[in-house]
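Nothing in this text is a laboratory measurement; each read-out follows from the coordinates by a stated rule. Nothing here was measured: the structure is a model prediction, and the numbers come from that model. A quick note on method: Cβ atoms are made from the backbone with ideal geometry, for glycine too, and the neighbour counts reach across all protein chains shown.
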Amino acid sequence: MKVGIVGSGFVGSAAAYAMALLGGVREVVLVDLDAKLARAHAEDLLHATPFAHPVWVRAGGYGDLEGARVVVLAAGVAQRPGETRLQLLDRNAQVFAQILPRVGEAAPEAVLLVATNPVDVMTQVAYRLSGLPLGRVVGSGTILDTARFRALLAEHLEVAPQSVHAYVVGEHGDSEVLLWSGAQVGGVPLIAFAEARGRPLTPGNRARIDEGVRKAAYRIIEGKGATYYGIGAGLARLVRAILADEKGVYTVSAFTEEVAGVREVALSLPRVLGASGVEATIPPGLDAAEGEALRQSALLLKEAASALGF
Ligand code: ADP
């Protein structure tokens with residue numbers, strides 16, 4: 001099965017690498033404005049495949065996306081000195097305005113998987129520009145935040161992260177909402193499990209975990225300038241869920257008719273992911289504080305998308 005990646009910089013190439021290691025994909029086509037970069041990544045990645053899965057990785061143009069079941073959108077421009085967040089967003093929206101008609105023409109049946117940050121606003125931009133049904137435009141959203149939340153809870157409780165069911169919703173960014181109230185471990189409410197395990201969640205522990213989830217990207221960027229391995233692996237996992245029609249529940253971003261009283265905004269909620277993209281959105285259980293935090297997150301994203309004209 002063919003997957004296209006438009007924008008093969010750090011994130012796009014890391015996603016291709018993770019797909020080669022994870023398998024489940026037959027062919028990966030890298031498209032980039034910088035054709036030399038795409039070719040170099042394709043050649044390097046192809047050399048990884050004898051050690052991993054037999055994925056055919058090559059660079060190509062938009063026409064080579066024909067037949068792709070998923071197209072990852074990881075293209076974007078870097079922030080210029082002195083540039084505001086909104087100006088950067090506007091330039092990234094222009095990048096998507098160039099890309100989307102060409103992707104739509106070459107691969108009209110593909111699910112679009114948006115990775116470019118700020119991912120929620122870019123998912124809204126891609127949804128509006130593509131004219132596709134809303135389930136077919138999926139953003140990587142808070143998949144990594146949710147993974148970090150589960151991992152940190154698991155570490156504290158000394159259990160496997162697979163046994164922890166806890167989600168991060170809303171913006172992939174500062175206003176994201178960690179859903180403590182509905183979290184469960186092995187079918188037991190989190191707080192009760194923590195008590196029974198002899199590892200209670202004190203306010204200090206909760207604050208540490210919150211900070212660990214919310215500030216992870218800042219720490220990584222401070223240390224190495226960008227984040228790409230984690231998101232690359234997350235994107236490869238979402239691609240596999242779509243190609244395999246898995247129907248797993250992931251906190252991905254998608255345009256949503258209404259959330260916490262806010263209309264028409266893209267953000268992350270638990271969603272069922274299958275061959276056609278987002279197949280269902282499940283409103284999570286929220287306490288009053290979480291509900292208000294989700295509303296604030298949605299308002300912030302809506303304002304950013306509206307300021308851009310989307
Ligand atoms: P990130 O860390 O988000 O991956 P990069 O700058 O490494 O950031 O990657 C973004 C990629 O998007 C670059 O390789 C760049 O050439 C590509 N890109 C930018 N604009 C376009 C465009 N209009 N069409 C295709 N690719 C683009």
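Before rounding to the nearest 500, sum -39500 (n - 2.57) across all DSSP H runs of length at least 4 in the chain and divide by the residue total; then give [θ] at 222 nm in deg cm²/dmol. Spell out each step's value before the answer.
Numbers: 10 runs with 138 residues, N = 310.
Helix contribution divided over all residues of the chain: -14500 deg cm²/dmol.
Taking 0.36 nm per residue of sequence separation and subtracting the Cα-Cα distance, how much length would be gained by fully extending the chain between GLU66 and ALA40, in nm to one decimal? Present the calculation step by step, with values, prior to reporting the outcome.
Details: separation 26, 0.36 × 26 = 9.36 nm, distance 2.17 nm.
Residue separation times 0.36 nm, minus the Cα-Cα distance, leaves 7.2 nm.
Among the DSSP beta bridges whose two residues both lie in the chain, what percent are antiparallel, rounded to the nearest 5?
On the way: 23 of 43 bridges.
Expressed as a percentage, antiparallel bridges in the chain total about 55.
Hey, what do the phi angles of region 156-161 turn into as Karplus ³J(HN,Hα) couplings, whole Hz, using 6.51/-1.76/1.60 and θ = phi - 60°, x for Gly and Pro?
Going residue by residue, I get 5, 8, 6, 9, 6, x Hz, with x marking Gly and Pro.
So what is the relative contact order of the chain, in percent, for Cα pairs below 8 Å that sit 6 or more residues apart? Show your work: numbers first, answer last.
Working: 625 pairs, mean separation 58.7, N = 310.
Contact order relative to length: 19 percent.
Counting only C-alpha contacts under 8 Å and six or more residues apart, can you give the relative contact order of region 2-139 as a whole percent? Walk me through the intermediate numbers first.
On the way: 239 pairs, mean separation 33.2, N = 138.
Here the relative contact order equals 24 percent.
Place +1 on the Cβ of every Lys and Arg and -1 on the Cβ of every Asp and Glu in the chain, take the dipole about the Cα centre, and give the residue among LEU144, HIS41, LEU308 whose Cα lies farthest towards its positive end.
Of the candidates, HIS41 comes out farthest on the positive side.
Just to confirm the filter: which GluC sites (Glu not before Pro) across region 129-192 are DSSP coil and have at most 10 other Cβ within 10 angstrom of their Cβ?
Working: sites: GLU155, GLU158, GLU171, GLU176; in loops: GLU158, GLU171, GLU176.
Of the GluC sites (Glu not before Pro), the ones in loops of region 129-192 whose Cβ has at most 10 other Cβ atoms within 10 Å are GLU158.
What lysines sit close enough to LYS36 to cross-link, taking a C-alpha to C-alpha distance under 23 Å and skipping anything fewer than 8 places away on the same chain?
Hits, sequence-local ones excluded: LYS2.
So between THR84 and ARG199, what do we pick up on full extension, going 0.36 nm a residue minus the alpha carbon distance?
Numbers: separation 115, 0.36 × 115 = 41.40 nm, distance 4.39 nm.
Roughly 37.0 nm would be gained on extension.
Run down the aspartates and glutamates and flag those whose C-alpha is under 12 Å from the C-alpha of LYS302, throwing out any fewer than 8 positions away in its chain.
Within the straight-line cut-off, LYS302 pairs with ASP120, GLU171, GLU257, GLU258, GLU264.
Considering only DSSP states other than H, G, I, E and B, which trypsin sites (Lys or Arg not before Pro) in region 14-58 qualify as loop sites with at most 16 other Cβ atoms within 10 Å? Walk me through the numbers before you get to the answer.
Working: sites: ARG26, LYS36, ARG39, ARG58; in loops: ARG26.
Sites meeting the loop and neighbour criteria: ARG26.
Could you compute the net charge surrounding VAL265? Neighbours are other residues with a C-beta less than 11 Å from the C-beta of VAL265; K and R count +1, D and E count -1.
Numbers: positive: ARG263, ARG295, LYS302; negative: ASP120, GLU171, GLU257, GLU258, GLU264, GLU303.
That sum, taken over residues with Cβ under 11 Å, equals -3.
Please arrange THR142, THR256, THR281, THR84 by counting, for each residue, the other beta carbons lying within 10 Å of its beta carbon, fewest first. Working shown, then result.
Working: THR142 31, THR256 22, THR281 17, THR84 10.
The most exposed by this proxy come first: THR84, THR281, THR256, THR142.
What are the residues whose amide H is under 5 Å from the amide H of VAL70, where those residues sit 5 or more places off or on another chain and H is modelled from the backbone?
Those qualifying (amide H under 5 Å, at least 5 residues apart or on another chain) are GLY4, VAL111.
So which GluC sites (Glu not before Pro) in region 55-112 pass both tests, a DSSP loop state and at most 11 other Cβ atoms within 10 Å of the Cβ? Walk me through the numbers before you get to the answer.
Working: sites: GLU66, GLU83, GLU105, GLU109; in loops: GLU66, GLU83, GLU109.
Those satisfying the criteria are GLU109.
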